[in-house]
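J.: Before I ask anything, here is the structure I am working with.
The values are calculated or read from the model by the stated rules, or taken from the named source; none is laboratory data. The shown structure was predicted, so the numbers you read here are calculated from the model rather than taken from an experiment. All Cβ positions, glycine included, derive from the backbone under ideal geometry; neighbour counts span all protein chains shown.
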Amino acid sequence: MIPQLVVRGLTSRLTCRNVAVRKNEFKWYHANAQQEPPLSKVAHPLTPQPWLYPMNLDDSSDMSRILHDYDTFLFDCDGVLWGIDHFTKFGNVKQCIEGLRKNGKKVLFVTNNSMHSRSVYIVKFKEMCNFEAEAEDVFSVNYATALYLKSIAKIKGKIYVIGSKGLSDELDSLGLKSFGYGMDPDTISDYRDDLLRQRLDPDVEAVVVGFDIHIGYNKIYKAASYLSNPDCIYIATNDLETRVQLGPNRIQPLTGVLTHAVNVASNRHPVVIGKPYHHLMSCMMTTYPEININRTVMIGDSLKTDIGFAANIGVDSILVLSGSTTKADLEKNHECRDYEMPTYILSSIEKLGEVL
């Protein structure tokens with residue numbers, strides 16, 4: 001049975017040497033729709049704050065403090081365990097993960113990638129990194145979305161999905177009734193009469209938007225139409241990741257593009273489950289309530305999502321420079337203060353693997 005509790009983090013900041021130290025105050029509350037923020041009015045958590053430059057952990061003499069200071073390690077996947085192209089392998093990943101476990105550390109995986117289910121990640125960990133993981137240790141945004149709809153929104157009716165097979169599979173795994181994955185069955189048309197003839201299911205209680213290679217005019221039309229009902233809940237897996245450069249002159253649109261399209265068409269704003277918002281941490285705390293938030297660290301490659309997530313839930317963070325953020329990006333952010341700064345920086349988790 002899924003616990004009907006989530007955790008919300010309230011963060012206050014203290015300045016200590018070269019890092020921002022956050023005092024965490026957490027409260028448990030029964031998760032029901034009345035206690036959640038208004039579904040159409042969720043504040044964005046990223047607010048620029050003053051900070052000094054983060055400590056560089058590439059010096060192995062500083063690495064021991066990581067094992068001493070933290071018991072729970074939250075790992076992003078793309079750009080951390082493997083390349084942001086999803087195919088490039090990194091060295092010493094197995095040594096890093098298994099070394100932390102041998103030292104009694106809890107290792108969890110937290111990803112905004114809404115393409116896959118947890119079962120796909122378990123296979124990928126083995127194929128790309130040669131380590132094992134349990135489904136309970138993988139907190140993908142697809143699984144967290146399904147958990148939110150079941151245990152917090154308490155959806156009883158149907159869910160219209162703009163999303164991947166991974167999202168559809170996670171909804172199915174929790175017994176939620178959904179449809180919409182794959183190609184839309186109706187003929188594409190912009191004629192009024194054709195659009196009015198498209199059938200809308202009266203039992204839809206929620207619309208969920210994730211990554212969908214089959215996105216098109218009909219899906220946006222149907223999502224916006226369902227969301228014209230103010231009682232229809234609007235959920236997005238994530239909204240900040242909008243694009244990734246695959247190569248010279250090759251840009252792949254990501255989930256944020258789809259989310260913003262539905263936002264504009266529906267004139268609604270979703271509850272966003274993925275990083276940097278707090279819902280993924282709420283999901284982890286329902287599964288592992290023994291986690292000590294003051295001894296938890298987030299390891300990721302994105303200032304916007306991973307480091308923003310760490311700041312929003314009140315944990316320390318390690319930015320690895322093996323993914324979407326370069327040293328130049330970090331320097332620019334230190335000057336412009338567009339996003340939160342990490343507590344530490346590390347060239348890659350390969351360095352951590354070397355000392356474990």
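J.: Would you pick out the residues in the range 230-260 that are surrounded by 15 or more Cβ atoms within 10 Å (Cβ to Cβ) and either farther than 24 Å from Tyr143 by Cβ or of a type in the set (Phe, Trp, Tyr) (or both)?
T.: Listed by number, the list holds a single entry, Tyr234.
So that you can scan it fast, the table gives a plain yes or no per residue for (1) modelled with pLDDT under 95; (2) surrounded by fewer than 21 Cβ atoms within 10 Å (Cβ to Cβ):
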residue: Asp316; (1), (2): no, no
residue: Ala328; (1), (2): yes, yes
residue: Tyr339; (1), (2): yes, no
residue: Lys351; (1), (2): yes, yes
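J.: Quick one: Pro185 ticks every box in (1) touching a helix residue (DSSP H, G or I) at 6+ places or on another chain (Cβ under 8 Å); (2) in a loop (DSSP other than H, G, I, E, B); (3) more than 18 Å from Thr237 (Cβ to Cβ) bar one, so which box is it?
T.: (1)
J.: Next up: Here is a check on your reading of the model: is Leu227 farther than 21 Å from Leu149 by Cβ and either surrounded by 19 or more Cβ atoms within 10 Å (Cβ to Cβ) or in the same structural domain as Asp169 (by TED's automatic domain parsing) (or both)? Before you say what the answer is, go through the steps one by one.
T.: On the way: farther than 21 Å from Leu149 by Cβ: no; either surrounded by 19 or more Cβ atoms within 10 Å (Cβ to Cβ) or in the same structural domain as Asp169 (by TED's automatic domain parsing) (or both): yes.
No, not satisfied.
Conditions tested, residue by residue: (1) in a helix (DSSP H, G or I); (2) of a type in the set (Asp, Glu); (3) at negative phi.
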residue	(1), (2), (3)
Asp201	no, yes, yes
Val207	no, no, yes
Phe211	no, no, yes
Ile215	no, no, yes
Asn229	no, no, yes
Asp239	no, yes, yes
Leu246	no, no, yes
Gln252	no, no, yes
Val262	yes, no, yes
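J.: Still on this model: Within the group Ile215, Ile291, which residue is touching a strand residue (DSSP E or B) at 6+ places or on another chain (Cβ under 9 Å) and in the same structural domain as Asp85 (by TED's automatic domain parsing)? Spell out how you get there, then give the answer.
T.: Working: Ile215 fails: in the same structural domain as Asp85 (by TED's automatic domain parsing).
Within the list Ile215, Ile291, the selection yields Ile291.
J.: In this structure, does Asn142 turn out to be of a type outside the set (A, V, I, L, M, F, W, C), within 20 Å of Val264 (Cα to Cα) and part of a helix (DSSP H, G or I)? Lay out the reasoning, then the answer.
T.: Numbers: of a type outside the set (A, V, I, L, M, F, W, C): yes; within 20 Å of Val264 (Cα to Cα): no; part of a helix (DSSP H, G or I): yes.
Considered against the rule, which asks whether it is of a type outside the set (A, V, I, L, M, F, W, C), within 20 Å of Val264 (Cα to Cα) and part of a helix (DSSP H, G or I), Asn142 comes out as no.
J.: Let me ask something else. If you take the residues in the range 154-178 that are in contact with a helix residue (DSSP H, G or I) (Cβ under 9 Å, 6 or more places away or on another chain) and part of a loop (DSSP other than H, G, I, E, B), which one is surrounded by the fewest Cβ atoms within 10 Å (Cβ to Cβ)?
T.: Once the filter is applied, the top-ranked residue is Gly175.
J.: Right, here's the next one. Restricting the search to the range 150-173, which residues are more than 21 Å from Ala261 (Cβ to Cβ) and touching a residue at least 60 places away in the same chain (Cβ under 8 Å)?
T.: Lys150, Ser151, Ile152, Ala153, Lys154, Ile155
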